[in-house]
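Peer 1: The structure that follows is given in the form of C-alpha cells.
The values are calculated or read from the model by the stated rules, or taken from the named source; none is laboratory data. Note that the structure is a prediction, hence the values are computed from the model and not measured. Neighbour counts are summed over all protein chains in view; Cβ atoms, including those assigned to glycine, are modelled from backbone coordinates with ideal geometry.
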Amino acid sequence: MIILDSIEIIILIFGIIGTVAFSVSGSLTAIEKHLDLFGVLILAVVTACGGGLLRDTILHTEIAMFREWWFPLISFATSLLVFLIMYKLKNLKWENYKYYKITYNLVDSIGLGAFVVVGANAAMNAGVNNWFPVTFFSVLTAVGGGLLRDIMVAKIPDIFRKHIYAVASIIIAVYHYLLIQFNCIYWINVTSTVIIIIVIRFLAYHYELSLPKIKLLEEEIK
C-alpha cells in the first residue's frame, strides 16, 4: 500500500485540477475549430499533458503521463463530457457569450496556476534547485500544452499575444518558488499561487491589458 505525505497529496490534487481545467480549454478550442470527437479527445490530452511531456523530455526523466496513466484517462473523460455538453448546445451561439469567455478564462487560469505548482515540484524532485531553472520548468509545464494545442490548430499561440498570459505564469512561478524558500505552509503557498494568477488574468481580461505591440503603418491604412 502506497502512503502519500501531505505535499504529495496536495500535488496530486492540483495535478488533477490542472488536468481537468486544461482538458476543458483544449476541448473547447477543438470544438471551436470544428474538430471531430477524436480531434477533441487528442487536443484535450495534448493541452493537459503536453507541458509535462516537454518538461520531462528536457529533464531526461520518466515521462509523467506514461507513469501516471490516470491523468490522460481523466483528460479523456473530461473532454468526452465537454463534447457531449457542447453537442447539446450546438444550436446556440455559445462561443460568443460573455459567460462562455469568462468560463474559458477561468478554467485556463486555474490550469496555469495548478501546473506551475506541479512543474516546480517535478523540477525540484529531479534535482533542480536554482530559481531560474525551477521557474523555467514551472512555466513550461503551465504553457507548454497550450502552445502545442495552438500549433496543432494553426493558431497563433496565446502565450505570444493573449492578456498577460506567459508573463502571469512567470510572475507566479517566481512567487511560488520564493514561498518554498521561505518555508511557507505548503497548502497556503499553492492555493495563493492559483488565486493570484486568476486575479492577474481576470484584471488583464477586464481591462484589456497586454504587453506593447507594434502596429505597422499598412495595417493602420487598411
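Peer 1: What do you reckon, is V116 part of a helix (DSSP H, G or I), among the β-branched types (V, I, T) and in contact with a His (Cβ under 8 Å, 6 or more places away or on another chain)?
Peer 2: Yes.
Peer 1: Additional query: Just one of the numbered conditions (1) within 18 Å of Y177 (Cβ to Cβ); (2) among the small types (G, A, S); (3) surrounded by fewer than 20 Cβ atoms within 10 Å (Cβ to Cβ) is not true of A114; which one?
Peer 2: Failed condition: (3).
Peer 1: Continuing with this model, one more query. What are the residue pairs meeting all of these: first residue in segment 57-84, first residue more than 17 Å from I17 (Cα to Cα), second residue among the acidic types (D, E) and at pLDDT 95 or above, Cβ atoms under 8 Å, and 6 or more apart or on different chains?
Peer 2: Going by the 8 Å Cβ cut-off, the qualifying pairs are E62/D56; I63/D56.
Peer 1: Going residue by residue through segment 198-205, is there one that turns out to be at pLDDT 90 or above, under 17 Å from G52 (Cα atoms) and buried (at least 18 other Cβ atoms within 10 Å of the Cβ)?
Peer 2: Taking every residue of segment 198-205 in turn, none turns out to be at pLDDT 90 or above, under 17 Å from G52 (Cα atoms) and buried (at least 18 other Cβ atoms within 10 Å of the Cβ).
Peer 1: Next question, about the same structure. Considering T78, T103, T61, T57, which residue is of a type outside the set (K, R) and assigned to a loop (DSSP other than H, G, I, E, B)?
Peer 2: T61
Peer 1: Now for a different question. Say whether the condition of being under 17 Å from I110 (Cα atoms) and touching a residue at least 60 places away in the same chain (Cβ under 8 Å) is met by at least one residue in segment 204-218.
Peer 2: yes
Peer 1: Please find, among I63, I42, I16, I58, the residue that is out of contact with any Lys or Arg (no Cβ under 9 Å at 6 or more places or on another chain) and either closer than 26 Å to S192 by Cα or surrounded by 24 or more Cβ atoms within 10 Å (Cβ to Cβ) (or both).
Peer 2: From the options I63, I42, I16, I58, the qualifying one is I16.
Peer 1: Are there any pairs with C-beta distances below 6 angstrom linking a residue in segment 140-165 that is in a loop (DSSP other than H, G, I, E, B) to a residue that is among the basic types (K, R), with the two at least 6 apart or on different chains, and if so which?
Peer 2: V153/K33
Peer 1: Here is a check on your reading of the model: is G39 within 23 Å of F202 (Cβ to Cβ) and at pLDDT 90 or above?
Peer 2: Considered against the rule, which asks whether it is within 23 Å of F202 (Cβ to Cβ) and at pLDDT 90 or above, G39 comes out as no.
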